[in-house]
Amino acid sequence: AHIRVKDGLKGAKVGELIKVTYPGGRVGKFEAVATGSPIMKQEDEVVVYVEQKGAYHLPLAQNFGVYHVRYDAQSGRNLAKRDISQLGLVASPKSRIDVAKLPRIRELPLTNLLAEIRGHIQQAQGR
């Protein structure tokens, strides 16, 4: 996938086109899908944690490194959420885990996610 950078948080420049590579793809009428790989469509707005490997960028932790963004008309805000539909959680049959409430699984305002990422970057740079 090619992603146009709208807001580069670390390394990428605004307007830059980066090539993100992950398992799976389509050749003619054949399609290969790898469990856990991100699923992105051309019109998607995403926040992606990537690691650069030469000319390519790889999503960190496969699909777990990708947040899909959607506009919420009710709140008037953009919201970000990880797609965990391909993940299987192992727990005791008696446990009552609400996956949607787990940290970093629930949907959150995009501005909050970006502020958190910027804070982690500044902290890592010793500011």
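The values are calculated or read from the model by the stated rules, or taken from the named source; none is laboratory data. All values reported here derive from a predicted model rather than from experimental measurement. Cβ coordinates were reconstructed from backbone atoms using ideal geometry, including for glycine residues, and neighbour counts include every protein chain displayed. Surface areas here come from the heavy atoms of the whole protein model, side chains and all, with no ligands, DNA or RNA. Shrake-Rupley method; radii C 1.70, N 1.55, O 1.52, S 1.80 Å.
Within the range 9-43, being among the basic types (Lys, Arg), part of a strand (DSSP E or B) and within 18 Å of the chain's Cα centre (by Cα) holds for one residue alone: Lys19.
Here are some residues: Gly11, Gly24. Which one is in contact with a strand residue (DSSP E or B) (Cβ under 7 Å, 6 or more places away or on another chain) and touching a residue at least 12 places away in the same chain (Cβ under 8 Å)? Testing whether each residue is in contact with a strand residue (DSSP E or B) (Cβ under 7 Å, 6 or more places away or on another chain) and touching a residue at least 12 places away in the same chain (Cβ under 8 Å) leaves just Gly24.
Of all residues in the range 50-70 being assigned to a loop (DSSP other than H, G, I, E, B) and within 17 Å of Gly36 (Cα to Cα), which is modelled with the highest pLDDT?
Looking at residues that are assigned to a loop (DSSP other than H, G, I, E, B) and within 17 Å of Gly36 (Cα to Cα), I get Leu60.
The residues on offer are Gly8, Gly25, Gly65, and the sole one that is open to solvent by less than 70 Å² (accessible area, probe 1.4 Å) and either of a type in the set (Phe, Trp, Tyr) or at positive phi (or both) is Gly25. Listed by first and then second residue, the pairs linking a residue in the range 100-122 that is in a helix (DSSP H, G or I) to a residue that is modelled with pLDDT under 85 and open to solvent by 70 Å² or more (accessible area, probe 1.4 Å), with Cβ atoms under 6 Å apart and 6 or more places separating them unless they lie on different chains, are Ala100/Arg106; Ile121/Lys10.
Return yes or no: is Val14 open to solvent by 70 Å² or more (accessible area, probe 1.4 Å) and either in contact with an Asp or Glu (Cβ under 7 Å, 6 or more places away or on another chain) or under 18 Å from His68 (Cα atoms) (or both)?
It is true that Val14 is open to solvent by 70 Å² or more (accessible area, probe 1.4 Å) and either in contact with an Asp or Glu (Cβ under 7 Å, 6 or more places away or on another chain) or under 18 Å from His68 (Cα atoms) (or both).
Scanning the range 32-54 for residues that are open to solvent by 80 Å² or more (accessible area, probe 1.4 Å) and aliphatic (A, V, I, L, M) yields Val33, Ile39. Looking at the range 71-84, which of the residues that are in a strand (DSSP E or B) and without any contact (Cβ under 8 Å) to a residue 24 or more places away in the chain is most open to solvent (accessible area, probe 1.4 Å)? Filtering the range 71-84 for residues that are in a strand (DSSP E or B) and without any contact (Cβ under 8 Å) to a residue 24 or more places away in the chain, the one most open to solvent (accessible area, probe 1.4 Å) comes out as Tyr71. Hey, could you check the range 91-111 for residues that are open to solvent by 80 Å² or more (accessible area, probe 1.4 Å) and closer than 15 Å to Val69 by Cβ and say which is modelled with the highest pLDDT? Here the answer is Thr111.
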